[in-house]
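Asker: My questions will all concern the structure given below.
Nothing in this text is a laboratory measurement; each read-out follows from the coordinates by a stated rule. Source: prediction; values computed, not measured. Cβ coordinates were reconstructed from backbone atoms using ideal geometry, including for glycine residues, and neighbour counts include every protein chain displayed.
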């Protein structure tokens, strides 16, 4: 506090308050005899200034040398010694300037020392409040930085979970195609390369434009059409206005992959997936034909998406009936 850039203003205000206080309160004085008002104010200002600057000197050069005692306690104890010296010097200067009855007597010293002690106690109290408030704010800032770093690290780990999961699923499909249909395998490989390039470019991004995500999803749907033909029917019906909003990368692909992973489907009994978008949300709705081992499972992909949205301060909505499974994901508006 003593290093504050407006310390001279604070010293002046403190001197004015003390001056008015001595004038108004009967019995509150610096000497046995009353000083003229102009000399009284000069003396009060000089004492206030001296006590402040003494504390500033102590804070800058003395308390750092003793590490075993709390700096505030060091500050106050050393400032008491400084207050005694300032009081002695003030009374001596007044005695030399004005003479009797302002000579250096025990009574005059005790009155001046009492005043400077009150000033010193007040300043050290305010300094203690300032000190602990500063430490509290520094601790809050440190905690917030640690929290953000932790969240960022967790978010990055969640994003990196996408790469192997996505790649392994599709390499198996590509391997099968290479033995049955080289032309489709070539198309599949081109689409897969394009998608993997998109994932690599955006894996560390928190959000991407919805338009980019939809283009990525269309490539993924093309892969699924090659793999499953008419056994998986996916329709897109998105309001064009939503393309201006943002979404965590690869969310839609994960949701479709979740459908593929947990349902069985054939051309005779296809699974239908409708992707619609209105009112700042995307709704992914699919018919349910769960595999027996997945009846009670919601999938790693959904947990991943839920966690990523939680880090963004949003949440997804999941609704399951006997016939349909719905997931609603919010879109983010970046202003």
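Asker: Quick check: Cα centre of the stretch 87-126 to Cα centre of the stretch 196-228, how many Å?
Answerer: 80 Å
Asker: If I take every Cα pair under 8 Å that is 6 or more residues apart in the chain, average their sequence separation and divide by the length, what percent do I get for the relative contact order? Working shown, then result.
Answerer: Working: 352 pairs, mean separation 38.2, N = 335.
Once divided by the residue count of the chain, the mean separation gives 11 percent.
Asker: What FRET efficiency, computed as 1/(1 + (r/R0)^6) with R0 = 30 Å and r the Cβ-Cβ distance, is obtained for residue 17 and residue 69, rounded to the nearest 0.05?
Answerer: Calculated value: 0.45.
Asker: With axes computed from alpha carbons, what is the tilt in degrees of helix 7-24 against the longest principal axis of the chain, rounded to the nearest 10 within 0 to 90?
Answerer: Result, in degrees: 50.
Asker: Rank these for me by crowding, 318, 78, going from fewest to most other beta carbons within 10 Å. Mind dumping the intermediate values first?
Answerer: Values: 318 13, 78 18.
Neighbour counts put them in this order, fewest first: 318, 78.
Asker: By how many degrees, between 0 and 90 and to the nearest 10, does the Cα long axis of helix 71-98 differ from the longest principal axis of the chain?
Answerer: For helix 71-98, the angle is close to 30 degrees.
Asker: In the stretch 186-262, how does Rg compare with the Kirkwood Rh, expressed as the Rg/Rh ratio over alpha carbon atoms? Walk me through the numbers on the way to the answer.
Answerer: Numbers: Rg = 12.7 Å, Rh = 13.2 Å.
Reported Rg/Rh (Cα atoms, Kirkwood Rh): 0.96.
Asker: Provide the FRET efficiency to the nearest 0.05 for the residue 180-residue 279 pair, computing r from the beta carbons and using R0 = 56 Å. Numbers along the way, then the final one.
Answerer: Working: r = 44 Å, r/R0 = 0.78.
FRET efficiency, residue 180 to residue 279: 0.80.
Asker: Something else now. On a full-extension model of 0.36 nm per residue, what is the gain between residue 291 and residue 272, subtracting their alpha-carbon distance, rounded to one decimal in nm?
Answerer: On the way: separation 19, 0.36 × 19 = 6.84 nm, distance 1.55 nm.
Using 0.36 nm per residue and subtracting the Cα-Cα distance, I get 5.3 nm.
Asker: With 10 angstrom as the radius, rank 12, 180 by how many other C-beta atoms surround their C-beta, starting from the fewest. Numbers along the way, then the final one.
Answerer: Details: 12 13, 180 8.
Placing the least packed residue first, the sequence is 180, 12.
Asker: Right, another one. Ranking 88, 245 by Cβ neighbours within 10 Å, fewest first, what do you get? Mind showing how you got there, number by number?
Answerer: On the way: 88 14, 245 19.
By the 10 Å Cβ count, ascending, the order reads 88, 245.
Asker: Under a 10 Å cutoff between Cα atoms, tell me which one of 253, 315, 59 has the largest fluctuation in the Gaussian network model of the chain.
Answerer: 59
Asker: Can you tell me the orientation of helix 300-311 relative to the chain, as the angle in degrees between its alpha-carbon axis and the longest Cα principal axis, to the nearest 10?
Answerer: The helix 300-311 is inclined about 30 degrees to the chain.
Asker: Hey, another quick one. Tell me the relative contact order for the stretch 208-335 as a rounded percent, counting alpha carbon contacts under 8 Å between residues six or more apart. It would help to have the intermediate numbers written out before the result.
Answerer: On the way: 190 pairs, mean separation 33.9, N = 128.
Answer for the stretch 208-335 is 27 percent.
Asker: Find the relative contact order for the stretch 2-102 and round it to a whole percent, using C-alpha pairs within less than 8 Å whose residues are 6+ positions apart. Walk me through the intermediate numbers first.
Answerer: Numbers: 55 pairs, mean separation 31.7, N = 101.
Answer for the stretch 2-102 is 31 percent.
Asker: Now for a separate question. Quick one: in the chain, what % of C-alpha pairs are over 26 Å apart? List each step's numbers first, then the result.
Answerer: Working: 36154 of 55945 pairs.
Tail of the P(r) past 26 Å holds 65 percent of the pairs.
Asker: While we're looking at this one, here's another question. Over the Cα atoms, compute the radius of gyration (one decimal) and Dmax (the largest Cα-Cα distance, rounded to a whole number) for the stretch 207-330, in Å.
Answerer: For the stretch 207-330, the Cα radius of gyration and maximum Cα-Cα distance read 14.0, 42 Å.
Asker: Still on this structure: Diagonalise the Cα gyration tensor of the stretch 7-150 and give the resulting equivalent ellipsoid semi-axes, square root of 5 times each eigenvalue, largest first, whole Å. Display every interim value, and only then the final one.
Answerer: Values: eigenvalues 275, 56, 24 Å².
Taking √(5λ) for each eigenvalue gives 37, 17, 11 Å, largest first.
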